[in-house]
Every structure is written in C-alpha cells, then in structure tokens.
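Have a look at the structure below, then the notes.
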Number of protein chains: 2
Amino acid sequence: MARNTQVSADHNALPVTQILATFVATHPSKGWSDAVDHEAHRTFINWLGCAVGAAKHEAADAAIAAAKMLQPAAQASVLGRADKLDMANAALVNGITSHTFDFDDTHLKTIIHPAGPVASAALALAEHLGNTGREVIDALVIGIDVACRVGNAMYPDHYDRGWHITGSTGTLGAAAACARLLKLDTAQTAMALGIAASQPIGMREQFGTMTKPFHPGGAARAGLMSALLAKNGFTASTKALEAPRGMMQTISTKNDWSEITGELGERFEISFNSYKPFACGIVIHPSIDACAQLRAQGVTPEQIERIELKVHSLVLELTGKKEPQDGLQAKFSVYHGCVAGLTVGQATEDEYHDAFVTHPDNVALRRKVVAVVDDSIDEASADVTAILTDGRRVHIFVEHAIGSLQNPMTTALLESKFHGLSDPILGETQTTALIKACWQVGNAADVKNIIALATPKK
Amino acid sequence: MARNTQVSADHNALPVTQILATFVATHPSKGWSDAVDHEAHRTFINWLGCAVGAAKHEAADAAIAAAKMLQPAAQASVLGRADKLDMANAALVNGITSHTFDFDDTHLKTIIHPAGPVASAALALAEHLGNTGREVIDALVIGIDVACRVGNAMYPDHYDRGWHITGSTGTLGAAAACARLLKLDTAQTAMALGIAASQPIGMREQFGTMTKPFHPGGAARAGLMSALLAKNGFTASTKALEAPRGMMQTISTKNDWSEITGELGERFEISFNSYKPFACGIVIHPSIDACAQLRAQGVTPEQIERIELKVHSLVLELTGKKEPQDGLQAKFSVYHGCVAGLTVGQATEDEYHDAFVTHPDNVALRRKVVAVVDDSIDEASADVTAILTDGRRVHIFVEHAIGSLQNPMTTALLESKFHGLSDPILGETQTTALIKACWQVGNAADVKNIIALATPKK
C-alpha cells in the first residue's frame, strides 16, 4: 500500500473526456461534408451486409442461445429489494451494491474484494438454475481461488499500472464459479475462462464514483455471460490467460505463474480473506479500534482533554484530512475515525452520514485529536493516548486491528455488522433468520430460502 | 503491420488456462478443510450483508433503472434472422456477426474495424427508441470519430502490447453513438464515456476463435449499457480517459492527446474508413487483385504453366502458408488467394469454404504459384506474371489494391459484395430493396424499413 508508482504517468494530459463529451453531445446533425455523409452510408451498408451474411454462423447460434438463457426477464433477485431482473443484470446490480459501501471482504495480499464478482454471479445463476447451497459454496471457494491466484501472479505491477484488480481478476473468478454451477467439463470451462479473459474491467481513476462498485458488478455479469456462451459452444483461445498477447501479459508486466499453480487444490485463497469492521480505508482501522477500546474502558467524550495519536506516516498521507466537510471526505480522515470510535465504538455507514460528520460536538471532539508521525509504528498498528480533563492518561496500543488476519472478526462481530447493514432494510427479525440461513447454506437443498429472506416484505 | 514487438513477452508461461480449467471443472465438492468451508460461509454472509445494506443506494436505483430499460426482452432484431433480443444482446450479436467473416470495414491508420461496435449498438438502440435514420447516421459518424481518435492517440503501442484495438476503443465509440441517440447532455455524455472507459475489451491472442468477433459485439453491448447507465444517473470520473490511472494511460504507453483534439468537428475519421473486397488479411489483397485482373484479361486456369508472384517479405511472413488444409488456414495463404483470383475473380467467404480450398483442381493450380520476396515492392503492392503453356507472359502490377484508400471500392463493387453476403440469407430481390433502403437511411423517418428488409421472410 506504500507504493505510489505508476507506469509512465502523464499528468499534463488534455481533458479529452470532457472535450469528446462536448463534441458528442453538441456537434450539429450532419455537421460535415456530403463526402463524409456518403462515407457514413458506405460504412453502414458494408457493416449491414457483413452482419446479414454471417447470420447463420455457429458463433451467432451460440451467442443467441446464451442471450436467450436470460429470458424471460425476471430470473433472479436484487438482494434487499423486491426487484427481479434477468440473471446477468441481477449479478451486475448485486455486484454493485455489495461494493457500494466499501465494506465488503478483502484478500489482503492483493487488495482484491473477491466476493463482489464471484458471489454476485454465483447466487444469481444458482437462483435461476436451482443449484444446491453446497454447489454455491463450492463455486464461491473455487471462483475466489481463481481470481485471487491470478491476482497474486500479477500483483503489484498490475495494480500500480492503474487497474482496479477486483474487476480485472473478478471476471475470471465469476466465470469459474458459473462454469462450476453449470457443470461445464474441463474443455468448456477453459472456453469460459478464455472468453472472460478478453474482458478485464476497471480503472482506479474511477475511485470515488459509482463506477468503482460497477467494477465487481460488471465483472460478475461478464463472467456469468462468458460461462453461458461457453456452455452454448462459443470458443476462445485455450491459452487466453498466459499467451504473449493473452490477458495477463497484456495487462501486467509481472506474471509469476507459480502463484497460480503452486499448491492448487491444497491451499485455498479464501483462507486469507478478511472482513472490514469499519466502513472506511483499512489504514484507519487500528486508530478506530484503539478509540473504541478507550470507550469500552469507560472514557467518555466529555472527559477528553486531548487524544494523542501516533501512527506511521502512510496513515496521514492517505487519510490525513483534518476538517472533512461531508461523509465521503470523512472516509479519508483518521481524525474522524477516532471520533466514531470514541463516541459510538464503531464506524459503520451511519457514522459516515454527513449529519454525523458535521455535528458540532463531533467537530469539536475531532479537533482534540493530535496526530504525530512515528515510522517505528507499523502501518497496521496505532498508539493512542487519551489525556483526560482530570489529568489522567489512558494508553492503548493496537498491534493488529480487529478485522486483520491476525485478529479476525469474530462470528459475533460479523453478525453485528450484518445487523447494522440489514436491519434498516429487512427488519431485525427477518435479518436474524437470514443470518441463520446463511450459516446453513452449505446444507441447503437450494437457495430459495436465502432469497426469500433477503427480499423485503411488501 | 511490419512490427512484431510486444511488451515483455514471456514465451515460457505455464499453461495456466488449462490448469485452472481442470481445477475448476474437476476439483471435488468440499475438497478442502472445515476451516476453509467456514471461511466460505463468512465470506458469503459478509457479502450478502453488504449487498442488502446498499439496496436502496442511488447506484442501485440507477443500475436497476438501466437494466429495466432492456425489458420486455424482444426489443431489437438480429440482422438476417427472425430472432429478437433485448437491445443490449442484439447489439452483442450483431457486433459478433458483422465481424465473423473478417470482412467488415477497416480504419487503416489504426486497424480498427469501427462499424462493428458503433453501428451494432446504434441500430439496436435506434430500433427500440424509434430514432430517425438521420440520427443513426449522425451517431455513426460521431461514434466512429471517438473510437478512431482514441485509437490514433494510442496506436501502435496499445496494439503491440496485445490489445485488439477494435474492442478496446469500440466501447467508447458505441457509448458515444448511444449517448447521441439518447440525446444525453454534455455532462451525461461524459459519464457515459467514463463508464465505458472502465471496459476495454479484447486480446489479440483470441484471433482465430469466436472470441475475436465477440470483441466488437461485447464493445457494442458495453457501450450501449454505459449510455443507459449514464442516462439514469450513474456516475464515473470526469477524467476517466486521460487521468494517470484512467483508461488510456493504463492500457497504452503512447498517448498523443492532440490526435483526439486536433481538428475535432472538422476532420472526420470515417473519411479514412475502407472496405475489404476480399474476405482475408489485407496483405493478400494486391495479389488477389492482380490475379483477378489476369482472369479479366482472359487468362484461364488451364492455360497457366506458372504464376510468378513478387511481394514484400512481410506478405510471406504473415500469409506464406503453402499447403492450407482448410478454409481457416487458407485465409493465411497468399497462394490460395491467387487461386481464388484466377478461378473466380474474387475471394468471398465462398472461396474460403473447405471444399473449395481442398478441391484437387485448386490444389494443383496453387502449386503453380511461385512466390519470390522483393522488398523493393511495397507491402501494399504486388507484381504478378502469368507464364502460359503457349509460352506467353502476361504481367500485372498492382500498386494499390482495390479497397485501399487510393483505390476505393466503387459503389457497384460494394453492392456486389453485399449481394454475395446477403442473397443466400434474404434472397436477391429483398437484398436489392435493402441496399436501396440503406443508401436512403439518412432521410428515413425511422429504421423500421431497414429492419423489416434485413429480416428473412418466414
């Protein structure tokens, strides 16, 4: 995370997105010569002839058969809503929502959030096909293994270059999960992975916009469609990942193939998955954890004279915003994170609402937090001392924050987090039943009960 | 085309596509420890909570609204078939079929085939929305301009690296065309381009498989969906193309921004579009053209003792296959190209059927073609001499083959090519009417007549 390199960055680029958008939106109709307009007709006629001529080709048959597997339209559910969509778009939307709060899982070795693309594709397909819960869990383990192993092979160069690695590897993970649920054989599965290999999704420039969560959503949809295409006989290169002009060498200068093959089927990357207790960047987590521990020891905001926070320089480099003006800015403020920990003992989406961030009491408390750089402290640790109005000093050192691999979220915390997210949507009773069903999904005959419980009552 | 460089190629990569396919398809259910299986349930529950929690977020609203614009399912037509699909999948399939025979248009500066992604998206959307023919032609000119200008900026590094530039820039072209048809304003159009910028599609390793034509198809679909998302309020970075970690810098080391901005709205890249007379790689075209001219001068196969063919070394490097065994291999055989020119006077998909390629007469004639390298001859030229059994020598030099910018396809040839593609699908009478309708599309009140004529009678 300390790296900030990027291949051949050009910071003086012209604003071509805006320039092209203006041209597309405002250039007058037929604002060109007759010769240009004639060429447009020639282009149109040539294109139409080519399309009509190949109308009976087996590629058309395979693609249409795959597209028709999406119909009728209402095949799979949007989680937490009454909406149903075709399964490809359900995968898209659930992939978007699961990443919208930046609160999902993290494969820490690669910063991949693997469940977004993989689970979103798998559950939508399984809902429609009627797969067992066991098949869904198998698909999840295997799909995440594929995405994270390809990520291990390419990381960090691929990420430094500008790719949002969750989307670029997620397409493969989603394709693997769906191939498994469709019970494709090895040859068809290679085609599914091959088709997916032409569709890496996601640039880091999109962070802070809706297109960031679009990346796992788009990857889920692309992977699902790749598997449907392969099932219907669509072909791809059998070396689509590793060839010199295949996916991996095209999008990464580092490729350690042994990361894919080493202990395959013995070591599972899902073992290294982690879950965020707090809805913000991971470098803030130790400070929030420490402040929540102060609160648990009885320290109240009214008692606080000053908070002394010692952290690695990277923490302030990434999240040193002193006066955040809204919830989004607060996600990049370790100072606000301390306020959330001290006042509520947690930092869920609620603590990043604008009203909470700008509340005068919270602003006043935030200004009592004094951060000091100390590079002898690890990036993943925090040293916090509360100086109280009565002169007492209370000291907390967090080596590994809650949610790290060394100090994982307990089952109770994971369930508490789930309630925080789901109770406002589904109500507490239904959420409790949904959590119970999730723990049992590996034994379930199908996923109908999960879907029913994830759908709000009218 | 003479370059054959590729960034950091590793020709000793492990066959990871097959290794992963085998793992995904054959690893036993629950073939891992209870700890791994428990982690899978934790991953599932954490993902589901995040998805439910964000179910009412505006990103979900926008994505669902865009997906619901695809319903009911039968919105747009597959050209040359009776099938109708939702417009996104119709764009996908028409993009596939229009590129399946490698017979579509070529923007020679970048080797982009721009109509595949742009026209496929535009016509499917226009069929559903009821746009005028003028709006379709406007969208085509502007969408192709966007794709080719971005291509100009990145070419050749981006292509050398391994990207199939038709798919990687085509997503932007399709998004621009659809933004135009949806009448998005400049701000929304920037969002459409931005969402599309996270979805470059296509690796060159896929050449020779169905995933090659999938690239323009996938780009058409992705561009169309990007525009639908933008229309419904989905957001992206306003610098998604040009930022250091935006699309262009992430996927190309060369970016000449002035290629995008120079003479924008004055020079139109569609003016430099070309159409293939022959259904094979463009370096074979001069040789076919020369042989077709021999045939036009009355030279018959029976008279031929020997054909002396002088070409640039690149021609044999790329298409020097002496004994092609089937139609696909014949596309890489300049020798077979000469046979097609000498016997039929053209090289359409018919001349690349296996039966034609392996016919004993054609095999015998092919073996009479002797190719000699002469690098004083341009890559785009061919020098052909027929030595006849009566001792006569007939010489043809083709400087610019038919279909080049210097010697463009005439209207008559373009229509003849269209008939060759379409007559077997739609019949000659309907094809003639369709061609007439295509020339008039810029004046048509809508595209209904085009669609009706491109649909086979039951």
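From A:A382, A:A355, A:A433, which residue is buried (at least 20 other Cβ atoms within 10 Å of the Cβ) and of a type outside the set (D, E)?
Of A:A382, A:A355, A:A433, the one residue that is buried (at least 20 other Cβ atoms within 10 Å of the Cβ) and of a type outside the set (D, E) is A:A382.
Identify the single condition in (1) crowded, with 20+ Cβ neighbours inside 10 Å; (2) of a type outside the set (F, W, Y); (3) facing chain B (nearest Cβ under 7 Å) that A:T110 does not satisfy, given that it satisfies every other one.
Going through the list (1) crowded, with 20+ Cβ neighbours inside 10 Å; (2) of a type outside the set (F, W, Y); (3) facing chain B (nearest Cβ under 7 Å), A:T110 breaks only (3).
From the list B:E269, B:E259, pick out the single residue that is closer than 15 Å to B:D105 by Cα, modelled with pLDDT of 95 or more and more than 7 Å from chain A (Cβ to nearest Cβ).
After ruling out the rest, the residue left standing is B:E269.
Are any residues in the range B:119-134 more than 11 Å from chain A (Cβ to nearest Cβ) and charged (D, E, K, R), and if so, which ones?
Answer for the range B:119-134, where residues must be more than 11 Å from chain A (Cβ to nearest Cβ) and charged (D, E, K, R): just B:E127.
Quick check on this structure: which one of B:D326, B:D361, B:D375, B:D354 is charged (D, E, K, R) and under 22 Å from B:K417 (Cα atoms)?
Unique residue meeting the criteria: B:D354.
Of all residues in the range A:135-145 being in contact with a Ser or Thr (Cβ under 8 Å, 6 or more places away or on another chain) and buried (at least 24 other Cβ atoms within 10 Å of the Cβ), which is farthest from the other protein chains (Cβ to nearest Cβ)?
Filtering first and then ranking leaves A:I144.
Matching residues to (1) at pLDDT 95 or above; (2) in a helix (DSSP H, G or I):
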site	(1), (2)
B:Q293	yes, yes
B:E308	yes, no
B:L314	no, yes
B:L318	no, yes
B:Q325	no, no
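Quick one: which helices (runs of 4 or more DSSP H) sit completely within the range B:154-224 and have at least 2 residues that are surrounded by fewer than 24 Cβ atoms within 10 Å (Cβ to Cβ), assigned by TED's automatic domain parsing to the domain that holds B:M248 and not polar (S, T, N, Q)?
Fully inside the range B:154-224 and qualifying: B:157-161.
Which one of these is in contact (Cβ under 8 Å) with a residue 24 or more places away in the chain and among the hydroxyl-bearing types (S, T, Y): B:S77, B:S29?
Testing whether each residue is in contact (Cβ under 8 Å) with a residue 24 or more places away in the chain and among the hydroxyl-bearing types (S, T, Y) leaves just B:S77.
Touching a residue at least 12 places away in the same chain (Cβ under 8 Å) and touching a Pro at 6+ places or on another chain (Cβ under 7 Å): does that describe A:L453?
Criteria not met by A:L453.
So which of B:V394, B:V398 is farther than 22 Å from B:Q325 by Cα and buried (at least 20 other Cβ atoms within 10 Å of the Cβ)?
The conditions single out B:V398.
Please count how many residues of the range A:328-345 are under 21 Å from B:K56 (Cβ atoms) and surrounded by fewer than 20 Cβ atoms within 10 Å (Cβ to Cβ).
Residues that pass the stated criteria total 1.
Considering the range A:396-415 alone, what residues qualify as being within 19 Å of A:I284 (Cβ to Cβ) and within 13 Å of chain B (Cβ to nearest Cβ)?
Residues satisfying the conditions are A:G403, A:L405, A:P408, A:M409, A:L413.
I'd like the residue in the range B:339-355 that is in a loop (DSSP other than H, G, I, E, B) and of a type in the set (A, V, I, L, M, F, W, C) and, out of all such residues, is farthest from B:E317 (Cα to Cα).
B:V344
Filter the range B:225-249 down to the residues that are facing chain A (nearest Cβ under 7 Å) and either surrounded by fewer than 24 Cβ atoms within 10 Å (Cβ to Cβ) or within 25 Å of the chain's Cα centre (by Cα) (or both) and list them by number.
Within the range B:225-249, B:T235, B:T238, B:K239, B:A240, B:L241, B:E242, B:P244, B:R245, B:G246, B:M247, B:Q249 qualify.
Does the range A:153-170 contain any residue that is more than 8 Å from every other protein chain (Cβ to nearest Cβ), acidic (D, E) and farther than 18 Å from A:A65 by Cβ?
yes
Looking at A:M191, A:M203, A:M210, which one is facing another protein chain (nearest Cβ under 7 Å) and at pLDDT 95 or above?
A:M203
Scanning for something farther than 30 Å from A:C178 by Cβ, among the aromatic types (F, W, Y), in a loop (DSSP other than H, G, I, E, B) and under 28 Å from the mean Cα position of the chain (by Cα), does the range A:250-265 turn up at least one residue?
Within the range A:250-265 (the criterion being farther than 30 Å from A:C178 by Cβ, among the aromatic types (F, W, Y), in a loop (DSSP other than H, G, I, E, B) and under 28 Å from the mean Cα position of the chain (by Cα)), the answer is no, since none of the residues qualifies.
Go through the range B:1-100 and tell me which helices (runs of 4 or more DSSP H), entirely inside it, have 3 or more residues that are at the interface with another protein chain (Cβ under 7 Å from one of its Cβ atoms) and closer than 30 Å to A:A437 by Cα.
B:16-26, B:34-53, B:58-68
The values are calculated or read from the model by the stated rules, or taken from the named source; none is laboratory data. All figures in this text were calculated on a predicted structure; none of them were measured in a lab. Here Cβ is always computed from backbone atoms with ideal geometry, including for glycine, and neighbour counts include all displayed protein chains.
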